[in-house]
Amino acid sequence: MTKMPTFTREMNQRGQIADKSYASLKLPQDNESDAHNKDNVSISRRRACLLTHTSFVDEIVAIADKKAREEERLEDLRFERACKQHSKWHQTNQAEAAELMIKYNMHVRREDVEES
């Protein structure tokens, strides 16, 4: 079994906590007793818990989005660095090729002068 990345593990743990807290909530239904519906404290508490759960899920999504943007940015930086290295490699090879051509041309000219 492969080890899960820290970020994924953290998001799973947060999600499990959020799911448990959400599952434990039960808002009163219309067909429940009036006495229960009049229990405004309980209803308010449950609604507050639901709002907290919703904001918690929103936070998880925001963190995941931020992480994805960071990973995309890192990929862009890696690509840019690779392009620069590739370009530098070509420049180095072109410079070396130019030097070799100059040396070859000088050698050919010497041979031509010697033959004359």
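The values are calculated or read from the model by the stated rules, or taken from the named source; none is laboratory data. Predicted model, so just to flag it, every value in this text is computed and none were measured. Cβ coordinates were reconstructed from backbone atoms using ideal geometry, including for glycine residues, and neighbour counts include every protein chain displayed.
Being at pLDDT 70 or above, exposed (fewer than 10 other Cβ atoms within 10 Å of the Cβ) and out of contact with any strand residue (DSSP E or B) (no Cβ under 6 Å at 6 or more places or on another chain) narrows it down to one residue among E114, E96, E72, E80; which is it?
Just a single option satisfies the conditions, and that option is E114.
How many of the residues in the range 62-111 are among the basic types (K, R) and within 25 Å of the chain's Cα centre (by Cα)?
Adding up the residues that qualify gives 7.
Search the range 54-83 for residues that are in contact (Cβ under 8 Å) with a residue 60 or more places away in the chain and on the phi < 0 side of the Ramachandran plot and pair each with any residue that is surrounded by 11 or more Cβ atoms within 10 Å (Cβ to Cβ) and assigned to a helix (DSSP H, G or I) when their beta-carbon atoms are under 8 Å apart and the residues are at least 6 apart or on different chains.
Taking only residues 6 or more apart or on different chains, the pairs are K67/F7.
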